[in-house]
Amino acid sequence: FRETPRESWPLSCTTCSQKKQMEATDVRNNARNIWDSREEAANILQRIQDYLPKEWKGRKLVELNERLRFLRYNPGEYFKPHFDGSYMRTNGDVSYITVQIYLNEGFKGGSTTFLNKFDSKDGGLEVVPKTGSVLIFQHDILHEGSILEEGRKYAIRTDVMYTKNASTNNC
């Protein structure tokens with residue numbers, strides 16, 4: 001996927017609601033490819049499930065969202081401060097936690113930076129991507145994809161899905 005032409009990597013959209021997305025380059029200007037694969041999501045879950053909360057807000061972990069978002073950042077690209085959106089299925093399953101997998105390193109900038117929503121002078125917590133590392137965090141934590149200065153950054157983002165019925169657990 002590294003050699004995929006730019007036109008194969010559409011500009012990322014910003015989610016406004018469960019069914020509506022729009023391009024908002026003042027918020028984010030990186031590229032994204034979406035690949036839906038329950039099989040690959042299950043493979044990822046197998047590797048990281050020991051690090052995930054088995055229960056969240058009275059719901060049990062059921063699986064990772066099959067919607068794998070492959071992200072690509074070129075120099076000058078960013079995703080300004082935001083909260084991740086929750087994904088809700090028609091059966092009531094909902095996500096609360098983001099899984100971000102870093103696919104490479106060797107670039108300058110491009111950290112995931114967690115920000116203090118109550119103190120804009122606080123520089124936040126910077127997470128520098130390392131190849132193969134996984135960052136797991138709640139959707140409701142303010143963060144940004146800091147501007148990439150040099151090189152190219154690749155990551156995969158998905159969500160941890162929790163079932164509507166707390167008595168069901170497929171893990």
Next item on the list: Could you list all residues from segment 83-140 that are assigned to a loop (DSSP other than H, G, I, E, B) and under 13 Å from T158 (Cα atoms)?
Entry: D84, G85, S86, Y87, H139
Notebook entry, point to check: If you check T112, T163, T131, which single one turns out to be within 12 Å of the chain's Cα centre (by Cα), closer than 27 Å to N43 by Cα and of a type in the set (V, I, T)?
Noted result: T112
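So that you can scan it fast, the table gives a plain yes or no per residue for (1) modelled with pLDDT of 95 or more; (2) surrounded by fewer than 17 Cβ atoms within 10 Å (Cβ to Cβ):
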| residue | (1), (2) |
| --- | --- |
| Y73 | no, no |
| F79 | no, no |
| R89 | no, yes |
| V128 | yes, yes |
| G132 | yes, yes |
| F137 | yes, yes |
Notebook entry, point to check: Just checking, which of E144, E149 is assigned to a strand (DSSP E or B), exposed (fewer than 13 other Cβ atoms within 10 Å of the Cβ) and touching a residue at least 24 places away in the same chain (Cβ under 8 Å)?
Noted result: E149
Note to self: Contact list please: Cβ distance under 6 Å, first residue in segment 34-51 and assigned to a strand (DSSP E or B), second residue of a type in the set (A, V, I, L, M, F, W, C), pairs at least six apart or on different chains.
What the structure shows: W35/L68
Item checked: Selection status of E63, touching a Lys or Arg at 6+ places or on another chain (Cβ under 9 Å) and under 18 Å from A155 (Cβ atoms) -> no
Check: Would you pick out the residues in segment 75-94 that are on the phi > 0 side of the Ramachandran plot and within 14 Å of the chain's Cα centre (by Cα)?
Finding: none
Notebook entry, point to check: Failed condition for N116, given (1) surrounded by 17 or more Cβ atoms within 10 Å (Cβ to Cβ); (2) closer than 22 Å to G85 by Cβ; (3) not aliphatic (A, V, I, L, M), with all others met?
Noted result: (1)
Checklist line | Selection status of T98, touching a residue at least 12 places away in the same chain (Cβ under 8 Å), under 27 Å from D36 (Cβ atoms), surrounded by fewer than 14 Cβ atoms within 10 Å (Cβ to Cβ) and in contact with an Asp or Glu (Cβ under 7 Å, 6 or more places away or on another chain) | finding: no
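The values are calculated or read from the model by the stated rules, or taken from the named source; none is laboratory data. Everything numeric here is computed off the predicted structure, so don't read it as measured data. Here Cβ is always computed from backbone atoms with ideal geometry, including for glycine, and neighbour counts include all displayed protein chains.
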